[in-house]
Amino acid sequence: MATHKLLLLPGDGIGPEVMGEVQRLIDWLNKQGIASFETEQGLVGGSAYDAHKVSISEGDMAKALAADAIIFGAVGGPKWDSVPYEVRPEAGLLRLRKDLGLFANLRPAVCYPALADASSLKREAVEGLDIMIVRELTGGVYFGEPKTITDLGNGQKRAIDTQVYDTYEIERIGRVAFDLARKRRNKVTSMEKRNVMKSGVLWNEVMTSVHAREYKDVTLEHQLADSGGMMLVKAPKQFDVIVTDNLFGDMLSDIAAMLTGSLGMLPSASLGEIDAKTKKRRSLFEPVHGSAPDIAGKGLANPIAMISSFGMALRYSFDMGGLADKVDAAIAAVLASGLRTADIKSEGTTAASTTQMGEAIIKELQKLHA
């Protein structure tokens, strides 16, 4: 049995608490002989700034480059609001994405049957929801240059962020989306703003071209991103795979998050190119939720998104799709039993702490392996 090297970066706020439940799951898998993982821990975000005055140290970047996959918690909080922009907690995550070439962000939005009533939409609109948002992660307005704030005098300033995309960047994220669709319901919706943005014109053109050349068997639809956001809250089940740029992907995936009932439910995967020789790809897996400093240390955090993110690592980095399916089934069984953390608690359900939820999921997984 191959041993896989994982770098755990818990980060700030509730990050260490939810990461603790992933560590518990990893320890159980190792003990049972179901899988073999070797783990290291590092600092990122505010915790790294407190220790090293940077958002991630060179030593931990070296560990990240050497790992088979990175499991990431959450970064940030009011404590670090006044630190210099270049070493703000979020800069650590951006550097990991950029230096590891993690260009493809996969954000599934799945509504578990037991949580359909927790959604902000009516049950019939979200029950059975299963969509995948594919967000381009290393280009666009978050990384484009120039990125400046200029003092114009007379109390006026000018801020500039630049949206930049090259053909190859759009082609490669398009291929990720089309390949995923082939394993799902065979439909891709590409979202941009071609009516007002030149980058949207190119995005539309390149997606159309890749589809015509390589993926004629997949249904491709085009939609303006603002209209797409509207349709996500009107009739979300019409979508299968949504592919979009960095900025729109950030916003649309958070909209999709609330369809499922809670940000605490959503995992994500960030993937790099497949190495032609090793057939492996660099990868980072993280929950969509933030560091939630207001509940940190209180045992209230929902660990499901963090555990589901580890499940995505099993699926996309280690070819353990069967085990990933069992992790998903264990989560569904716990929710069906009525156990709830505070963010998804409703009348008639049983309150659970972070640790109790993690333990319950492992117990259900144990039944599936009995």
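Could you order peptides 284-290, 10-16 by the average number of other Cβ atoms within 10 Å of their residues, highest first? Intermediate results must be reported in sequence, preceding the final value.
Details: 284-290: 24.9, 10-16: 27.6.
So the order, starting with the most tightly packed, is 10-16, 284-290.
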Would you please put 274-281, 300-307, 326-333 in order of how densely packed they are, using the mean number of other Cβ atoms within 10 angstrom per residue and starting with the highest?
300-307, 326-333, 274-281
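Just to be sure I understand: of the beta bridges DSSP finds with both ends in the range 112-259, what percent are antiparallel, rounded to 5? List each step's numbers first, then the result.
Numbers: 5 of 19 bridges.
The answer is about 25 percent antiparallel.
Before anything else, pin down the relative contact order of the chain: Cα pairs under 8 Å, at least 6 apart, normalised by residue count, whole percent. Don't jump to the answer; show the numbers that get you there.
Working: 768 pairs, mean separation 74.1, N = 370.
Reported relative contact order: 20 percent.
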Calculate the tail of P(r) for the chain: the fraction of all Cα-Cα distances greater than 29 Å, expressed in %.
42 percent
Show me, bin by bin at 10 Å from 0, the whole-percent P(r) of the range 53-106 based on Cα pairs.
21, 54, 23, 1
Of the residues ASP50, ASP254, ASP130, which exhibits the maximal mean-square fluctuation in a Gaussian network model of the chain defined by a 10 Å Cα contact cut-off?
ASP50
Let me see the P(r) profile for the range 101-229: every Cα-Cα distance counted, bins of 10 Å, each bin given as a percent of all pairs.
11, 33, 29, 18, 7, 2
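Using a 10 Å cut-off on Cβ atoms, rank the peptides 119-128, 334-343 from the highest mean neighbour count down. All intermediate terms of the calculation are to be shown ahead of the outcome.
Details: 119-128: 14.8, 334-343: 18.4.
Highest-to-lowest ranking by the protection proxy: 334-343, 119-128.
Counting only protein heavy atoms and using a 1.4 Å probe, what share of the accessible area of the chain belongs to carbon plus sulfur, as a whole percent? Display every interim value, and only then the final one.
On the way: 8500 of 16180 Å².
That fraction is 52 percent.
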Computed over the range 153-248, the ratio Rg/Rh where both radii use C-alpha atoms and Rh is Kirkwood:
1.08
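Once you order the gyration tensor axes a ≥ b ≥ c over the Cα atoms, which shape class does the range 226-326 get: rounded for a/c under 1.5, otherwise prolate or oblate by comparing a/b with b/c? Mind dumping the intermediate values first?
Working: a/c = 1.82, a/b = 1.15, b/c = 1.58.
Oblate, since a/c reaches 1.5 and b/c is not below a/b.
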Would any residue of the range 178-199 have its amide N under 18 Å from a label point 7 Å out along Cα→Cβ of GLU221? List them or say none.
178-194
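For the chain, what does the accessible surface come to per residue with a 1.4 Å probe? Please give it in Å².
On the way: 16180 Å² over 370 residues.
Here the per-residue accessible area is 44 Å².
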If you find the alpha carbon centre of the range 312-370 and of the range 130-155, how far apart are they in angstrom?
36 Å
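Against the globular-protein guess of 2.2 N^0.38 Å, express the Cα radius of gyration of the range 1-112 as a ratio, rounded to two decimals.
On the way: Rg = 15.0 Å, N = 112, 2.2 N^0.38 = 13.2 Å.
Compared with the compact-globule rule of thumb, the range 1-112 sits at 1.13.
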The answer for the net charge of residues other than LEU224 whose Cβ lies under 9 angstrom from its Cβ, with Lys and Arg +1 and Asp and Glu -1, is 0
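The values are calculated or read from the model by the stated rules, or taken from the named source; none is laboratory data. No experiment lies behind these values; they were computed from the predicted model shown. Using ideal geometry, Cβ is built from the backbone for each residue, glycine included, and neighbour counts are taken over all protein chains shown. For accessibility, only protein heavy atoms count, side chains too; no ligands or nucleic acids. Shrake-Rupley method; radii C 1.70, N 1.55, O 1.52, S 1.80 Å.
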